[in-house]
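Accompanying notes for the structure given below.
The values are calculated or read from the model by the stated rules, or taken from the named source; none is laboratory data. Computed from a predicted structure; not experimentally measured. Note that we place each Cβ from the backbone using ideal geometry, even for glycine, and neighbour counts take in every protein chain shown. Note: accessible area is taken over every heavy atom of the protein model, side chains too, but ligands, DNA and RNA are not part of it. Shrake-Rupley method; radii C 1.70, N 1.55, O 1.52, S 1.80 Å.
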Amino acid sequence: MLKKSILIFVLVTFLFAGAVQADDHVLKVGATPVPHAEILEFIKDDLAAEGIELDIVEFTDYVTPNLALDDGSIDANYFQHIPYLNQFNSDRDLNLKSVIKVHIEPIALYSEEYTNLEEIPEGASIAVPNDPSNEGRALLLLHNKGIITLDDPTNLSATPIDIIENPKNLKFEELEAAQLPRVLPDVAAAVINTNYALEADLNPLEDALIIEGSDSPYVNVVAVKAENVDSEKIKILRKVINSKKVKEFIIEEYEGAVVPAFVPVDSEKLKGTKKSGDYIF
């Protein structure tokens, strides 16, 4: 009986160790569908060649992916820009870290009724995202295009109360970012994040009245918990997702609606390109 118990213990220990070892090769990344999950899907085989099995967990909002990362349900997430991550950390007292810069999604103003800014009438309603960083980003876009004037254009968390000049007396409807494409028929125009615009078959380059410039600070990043910043799996992910192959995929697939924000790690052909650190802006 003792020998049998020892044998069972050894077998269970072996199986458990094997499961842990196998799990070490799985990388679970949370992402919103477009373009984040699509880009991750594109690199699945390349990660497999590096010994990493990529498990993509899709989310359709901007809150759950960070909560899932913090509670350990996923190893990393890829859906947000740095100002949003910083604000989320501050609001929730978390310590999530940006580890890989991947792309920029220029935010833009869309309308189903009007084809240019001049047509938007006085007192019209403009829908904007209601989360702090994206609302500030939307208002900054309108400020930079001369539609409104903010008291402090460097304030990335601006809200409508920070507008000091509003020549057309526009009204602002603050809504969850994911809802903005659905309310577009009911407002004069809406400032929509590119991932949600693409899901609604809106092309920023063709359909937008105005669009954010390529100098945007809102780079979309891969984030992890602080203790996983130096994880070997994350190092491999950085190598694969910051490759020339991925850069070319983003350019060809999204035709400027999504812009690579990195110098490929496997290429030195971009010397002389304007960049900040190792990343193109």
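Here are the numbers:
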read-out	value
Gln80 open to solvent by less than 10 Å² (accessible area, probe 1.4 Å) and assigned by the TED database to the domain that holds Thr32	yes
Counted residues, the range 164-179 - those being touching a helix residue (DSSP H, G or I) at 6+ places or on another chain (Cβ under 7 Å) and either without any contact (Cβ under 8 Å) to a residue 12 or more places away in the chain or surrounded by 15 or more Cβ atoms within 10 Å (Cβ to Cβ) (or both)	4
In the range 75-134, the residues that are over 18 Å from the mean Cα position of the chain (by Cα), hydrophobic (A, V, I, L, M, F, W, C) and assigned to a helix (DSSP H, G or I)	Leu117
Enumeration of residues in the range 61-72 that are in a loop (DSSP other than H, G, I, E, B) and open to solvent by 60 Å² or more (accessible area, probe 1.4 Å)	Asp71
Lone qualifier among Asn166, Asn203 - being of a type in the set (S, T, N, Q) and within 20 Å of the chain's Cα centre (by Cα)	Asn203
Qualifying position, being within 19 Å of Leu140 (Cβ to Cβ), modelled with pLDDT of 95 or more and of a type outside the set (Asp, Glu), among Tyr84, Tyr78, Tyr110, Tyr114	Tyr110
Candidates Ile148, Ile161, filtered to the one that is buried (at least 16 other Cβ atoms within 10 Å of the Cβ) and more than 11 Å from Val191 (Cβ to Cβ)	Ile148
Condition broken by Asp91, with the remaining ones in (1) touching a strand residue (DSSP E or B) at 6+ places or on another chain (Cβ under 7 Å); (2) assigned by the TED database to the domain that holds Leu40 satisfied	(1)
Selection count, the range 135-168, where residues are under 18 Å from Ile211 (Cα atoms), part of a loop (DSSP other than H, G, I, E, B) and among the small types (Gly, Ala, Ser)	1
Those helices (runs of 4 or more DSSP H) lying entirely in the range 1-60 with at least 1 residues over 30 Å from Pro260 (Cβ atoms) and modelled with pLDDT of 95 or more	none
Test for Asn193: is it touching a helix residue (DSSP H, G or I) at 6+ places or on another chain (Cβ under 7 Å), assigned by the TED database to the domain that holds Gly123, polar (S, T, N, Q) and under 24 Å from Ile100 (Cα atoms)	yes
